[in-house]
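Here's the structure we're looking at; comments come further down.
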Amino acid sequence: MDKVRSAERWIAKALEGAKAPCFTCSFQAEDVVVLNLLLKARPDIPVLFLDTGYHFPEVYAYRDELQRRLGFRLVNLTPELSREEQEARFGRLYETAPDRCCELRKVRPLFQALRGYDTWFTGLRREQSPTRAHLKPLEEARLPTGEVLTKVSPLYDWTLKEVFAYLAVADLPLLPLYEEGYLSIGCAPCTAKPLDPSDPRSGRWAGKGKLECGIHLHPKEG
């Protein structure tokens, strides 16, 4: 499969100059493909999981199943406030201010953790969203502190069909939520089945036009 060889080449190229690589993994299908490919090249790579406290129970169970099966180095990143503490202080931000909720539970914990790495692997694909249509396999990611990482998206030009085909050949299980009709899976309160079958992310954030949580948007130099 040409796409697999291409992804392997991008991974090898990025790892050549990497002193401290990491991979952010939500355990959606494309992330599991990248995880499998990365573990062949760098078995000890840290796998960062944003544990927001709002994930579907199926996601936690699947994460743990894959960790037992593949034996990767899992690093759970948690927000400063627990889910209960945040709701006691601010109410249900995922309903009233979803951008603020994502900032507290995803963006801040991740950007703080990324300061310890120089190369960041992701499972992003161009097909996922209009905001990712011009995604490149290698890009710069600038943190709010000004620190710059190499951001690597080896599946940038893959389709979802190709993702599923790889997992089938590799005999890797899918997150069970796909079988229920979900195609883009984030925190449970902000994830529904696609409103538009041709747009996997149309079920995210109640289809209100929010397409990104913020971790893949970086400040530009002024």
- Item | Fraction of accessible area attributable to carbon and sulfur, the range 1-190 (%, probe 1.4 Å) | 49 percent
- Query: Restricting the count to DSSP beta bridges whose residues both fall in the chain, what percent are antiparallel, rounded to a multiple of 5?
  - Reply: 35 percent
- Item | Of K19/K161; K40/K193; K40/K136, pairs whose Cα-Cα distance is over 30 Å | K19/K161; K40/K193
- Kindly state, to the nearest 0.05, the FRET efficiency for A170 paired with S82, given R0 = 30 Å and r defined as their beta-carbon distance. 0.25
- Work out the length of the dipole vector of the chain about its Cα centre, built from +1 on the beta-carbon of each Lys and Arg and -1 on the beta-carbon of each Asp and Glu, and round it to the nearest 20 debye. 360 debye
- Message: I need the semi-axes of the equivalent ellipsoid of the range 1-190: take the C-alpha gyration tensor, multiply each eigenvalue by 5, square-root it, list largest first in whole angstrom.
- Response: 26, 20, 16
- Query: Under a point spin-label approximation (7 Å from Cα along Cα-to-Cβ), what is the A192-N36 distance to one decimal in nm?
  - Reply: 3.2 nm
- Given 10 Å bins starting at zero, what is the percent of C-alpha pairs of the range 1-113 in each, up to the one with the largest pair distance? 12, 38, 31, 15, 4, 0
- Item | Sparsely packed trypsin sites (Lys or Arg not before Pro) within the range 72-109, loop by DSSP, other Cβ within 10 Å at most 12 | R92
- Query: Using alpha-carbon pairs under 8 Å, 6+ residues apart, how would you state the relative contact order of the range 1-190 in percent?
  - Reply: 29 percent
- For A12 and T145, extending 7 Å from Cα along the Cα-Cβ vector and measuring point to point gives, in nm, a value of 3.3 nm
- Task: Might you tell me the accessible area per residue for the chain, computed with a 1.4 Å probe and given in Å²?
- Result: 49 Å²
- Note on the structure: Gyration tensor on Cα atoms of the range 68-134, a ≥ b ≥ c root eigenvalues, a/c under 1.5 rounded, else prolate if a/b beats b/c, else oblate, says oblate
- Task: Could you tell me which GluC sites (Glu not before Pro) in the range 1-91 are loop residues by DSSP with no more than 16 other beta carbons within 10 angstrom of their beta carbon?
- Result: E80
- Between A20 and A133, 0.36 nm times their residue separation minus their Cα-Cα distance comes to what? 37.9 nm
- Note on the structure: Taking r as the C-beta separation of A61 and A97 and R0 as 30 Å, the FRET efficiency to the nearest 0.05 is 0.55
- Query: Reachable aspartates and glutamates from K3, Cα under 14 Å, same-chain residues fewer than 8 places away excluded?
  - Reply: E30, D157, E162
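The values are calculated or read from the model by the stated rules, or taken from the named source; none is laboratory data. Just so we're clear, the structure is a prediction, and the values are computed from it rather than from any experiment. All Cβ positions, glycine included, derive from the backbone under ideal geometry; neighbour counts span all protein chains shown. Accessible surface is based on the protein model in full, side chains and every heavy atom, while ligands, DNA and RNA are left aside. Shrake-Rupley method; radii C 1.70, N 1.55, O 1.52, S 1.80 Å.
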